[in-house]
Amino acid sequence: MDEEGEEIQPQEQSCWATLPDVCLRRIFWWLGDRDRSRAALVCRKWNQIMYSADLWRYRTITFSGRPSRVHASEFESALWYVKKFGRYLEHLEIKFLNPYNAVLTKKFQVTMRGLLSCLGKSNNRLKSLSIQHLELDRMVWRNSIRGSLIKSLSFFLKKMGKHLDHLSLKGARLTVEQGCHILNSLSYLRNENLASELNIEDFFSHHLAVYGSSQFNKAMATFHNLTFLTLNYNCVSDELLETLSENNAGTLRTMNIKCHVHDPHGQVVWGMSWAKLAREATNLKVNFFFERVMKYERLARILLQEIPVRSISLRSCYFSDPDWSMRPTLTDLLPIFRNTLQKLTFEFNNNHESLDEQLHLLILACRKLFYFKIWAFLDVAFVERILKSQEERQCSLRTLKVRIYTNRYETNEEDRTLREIYRKYRKLIDSELNYFVIAYPMM
């Protein structure tokens, strides 16, 4: 009977019951945990759908680092999920956002101990694990809490390392000894590790010269199937490149290297080491990300011509140095990679020098360049010159993103000119480019 007392027809009662399983699973896919649990109480069939493996293969668990009643149940719900559905997990991402105090880090450590212990017992299909930005060198992590968390993680990796294909511990900020202990856990009781993707960007604390550590080189020697490797430049050495050449030449395709101004980056890495790796790993492409490392002398020591560079990102944020010039880098250094460079990202404060001409010539020189993004002091006419070159097939950009800094609060004049440029090249932009250009007051 419905609310008006009319009898419901049998075919109306059974429409949901006869819905194909694939459709039900799709509906359940869009529901949150609480709604899924409620829906599972409807009937036996829906309860069975609730336990479909493909609903629980991917999971992101986020813990708030701030004390809050709203987030108080996060730790308990994470354990509930792993105990109930952890056996289906294939891809797990864990986030702990900016922990506020030692009480919360302790709660996180205890939760992780239970979570990893439960996963280790019930799961044998986990392929990807990501635990990012723990920042374990912060004061909120007491030594005992930090030690217990590292112990739990290491024990888990010893047991599950043979299954993992992807591991990301970006931002863990460990000592060299702690970091190498975790990396060695992946190859526990085996001579090698077959993970294909490893992200250890900011894995070690700032200011550590990891490139001089024999422990690190021995730990990296256990990896024999790397396809993607992400790390900091303070980990790069001739020994590491030699190890990669010997053990991963047939698989290594991408290296992402971050170089931060606070990381030691003055080590000598010989071009012949890079040349050997590029010769052995024929499909290798290297992406560099520089954070406030902008001076030509420093960049020239790192960006050697033997490296198969695919992309370069140079960011100085809003820092300005009147003694620094970008011109030598644009005219002498970066054109060395004109045959391999595909992506360029610039973000710098060049208020003291004009770089429009040098940037334009660099784009024209790099014939494989398809992505160009820049935030800098530029003339609006720079954008029109790039679009004209694109129209004349002198370059092959697919993405053009420009933020034009100005020294005025009002950008009405620049905005009007940019609208005129867009109207002039609208057909080209709409058909070929991912285009985003604005004027921005830099005050």
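The values are calculated or read from the model by the stated rules, or taken from the named source; none is laboratory data. Bear in mind the structure is a predicted one, so any value in this text is a computation, not a measurement. In this analysis, Cβ positions are derived from the backbone assuming ideal geometry, glycine residues included, and neighbour counts consider all displayed protein chains. What goes into the accessible areas is simple: the full protein's heavy atoms, side chains included, and nothing from ligands, DNA or RNA. Shrake-Rupley method; radii C 1.70, N 1.55, O 1.52, S 1.80 Å.
For Y51 and Y422, calculate 0.36 nm times their separation in residues minus their Cα-Cα distance, and state this gained length in nm to one decimal.
Working it through step by step, the gained length comes to 128.3 nm.
Taking the Cβ of L136 as the centre, find all other residues whose Cβ is under 14 Å away and add up their charges (Lys, Arg: +1; Asp, Glu: -1).
Working: positive: K106, R138, R142, R146, K151, K170, R173; negative: E135, D137, E177, D202.
Neighbour charge sum, excluding L136 itself: +3.
Near the amide H of S168, under 5 Å away, which other amide H atoms are found, from residues 5 or more places off or on another chain, if H is placed in the peptide plane?
L129, S130, I131, N199
I need the phi-derived Karplus couplings for the stretch 244-261: 6.51 cos²θ - 1.76 cosθ + 1.60, θ = phi - 60°, integer Hz, Gly and Pro marked x.
The phi angles translate into 5, 5, 6, 9, 10, 4, x, 10, 5, 10, 9, 10, 9, 10, 9, 10, 9, 4 Hz.
Give, to the nearest whole percent, the P(r) tail of the stretch 172-292 beyond 19 angstrom, counting all Cα pairs.
That fraction is 42 percent.
Taking each pair of distinct Cα atoms in the stretch 287-443 once, what is the resulting Kirkwood hydrodynamic radius in Å?
16.1
Would you mind telling me which residue in T411, T18, T399 has the biggest mean-square fluctuation in a Gaussian network model of the chain, where springs connect alpha carbons within a distance under 10 angstrom?
Checking each option, the largest mean-square fluctuation is seen for T18.
Which value in nm describes the separation of the simple spin-label points at R385 and L19, placed 7 Å from the Cα toward the beta carbon?
Result for the modelled spin labels: 6.0 nm.
Please list the radius of gyration and Dmax for the stretch 260-322, considering alpha-carbon atoms only, with Å as the unit.
13.1, 43
Determine the gain in length on full extension of the stretch V42-S354; use 0.36 nm per residue of separation and subtract their C-alpha separation, reporting nm with one decimal.
Fully extending the segment from V42 to S354 adds 105.5 nm.
Please determine, in degrees from 0 to 90 and to the nearest 10, the orientation of helix 74-85 with respect to the longest principal axis defined by the Cα atoms of the chain, where the helix direction is its Cα long axis.
So the helix axis and the longest Cα principal axis differ by about 70 degrees.
What angle do you read, to the nearest 10 degrees and between 0 and 90, between the alpha-carbon axis of helix 271-280 and the longest principal axis of the chain?
Here the helix axis deviates by roughly 50 degrees.
Between L189 and R315, what is the FRET efficiency for a Förster distance of 35 Å, r being their Cβ-Cβ separation, to the nearest 0.05?
With a Förster radius of 35 Å, E is 0.25.
Which FRET efficiency value, to the nearest 0.05, do you get for A275 and N225 by plugging their Cβ-Cβ distance into 1/(1 + (r/R0)^6) with R0 = 22 Å?
Numbers: r = 23 Å, r/R0 = 1.05.
Computed FRET efficiency for A275 and N225: 0.40.
Hull surface divided by four, with the convex hull built on the Cα atoms of the stretch 356-443: how many nm²?
So the mean shadow area of the Cα hull is 5.2 nm².
Rounded to the nearest whole Å², what accessible area per residue is found for the stretch 275-314 with the 1.4 Å probe?
So the stretch 275-314 comes to 45 Å² accessible per residue, rounded to a whole number.
What part of the accessible area of the stretch 261-410, given as a whole %, is carbon or sulfur when the probe is 1.4 angstrom?
48
Tell me the GluC sites (Glu not before Pro) within the stretch 398-443 that lie in a loop according to DSSP and have at most 12 other beta-carbon atoms within 10 Å.
Here the GluC sites (Glu not before Pro) that fit, given the DSSP loop and packing criteria, are E410.
For the chain, just list the percent of Cα-Cα distances falling in each 10 Å bin from zero outward, please.
For the chain, the pair-distance distribution reads 4, 17, 21, 21, 20, 12, 4, 1, 0.
Modelling each spin label as a point 7 Å along the Cα-to-Cβ direction, I'd like the V268/L304 distance in nm, to one decimal.
About 1.1 nm separates the two model spin labels.
Per residue, how large is the accessible surface of the stretch 356-431? Use a 1.4 angstrom probe and give square angstrom. Write out the running numbers ahead of the final one.
Working: 4100 Å² over 76 residues.
Per residue, the stretch 356-431 has 54 Å² of solvent-accessible surface.
At what distance in nm do the modelled label points of S77 and K295 sit from each other, each positioned 7 Å from its Cα along Cα→Cβ?
5.0
What's the angle, to the nearest 10 degrees (0 to 90), between helix 381-391's Cα axis and the longest principal axis of the chain?
Between the helix axis and the principal axis of the chain, the angle is about 80 degrees.
If you roll a 1.4 angstrom probe over the protein chains with everything in place, what fraction of the accessible area of the stretch 42-179 belongs to carbon and sulfur, to the nearest %?
Numbers: 3480 of 6840 Å².
Of all accessible area on the stretch 42-179, carbon and sulfur atoms account for 51 percent.
Convert each backbone phi in the stretch 329-340 into a coupling constant with the Karplus relation 6.51 cos²θ - 1.76 cosθ + 1.60 (shift: θ = phi - 60°), then list the ³J(HN,Hα) values in order as whole Hz, x for Gly and Pro.
5, 6, 9, 10, 8, 5, x, 4, 9, 5, 8, 10
For the stretch 16-111, which trypsin sites (Lys or Arg not before Pro) are both in a DSSP coil and crowded by at most 12 other Cβ atoms within 10 Å?
Here the sparse-neighbourhood loop sites are R69.
Name the residues of the stretch 244-285 whose amide N is less than 19 Å from a point 7 angstrom out from the Cα of S214 along the C-beta direction?
Output list for this probe position: 244.
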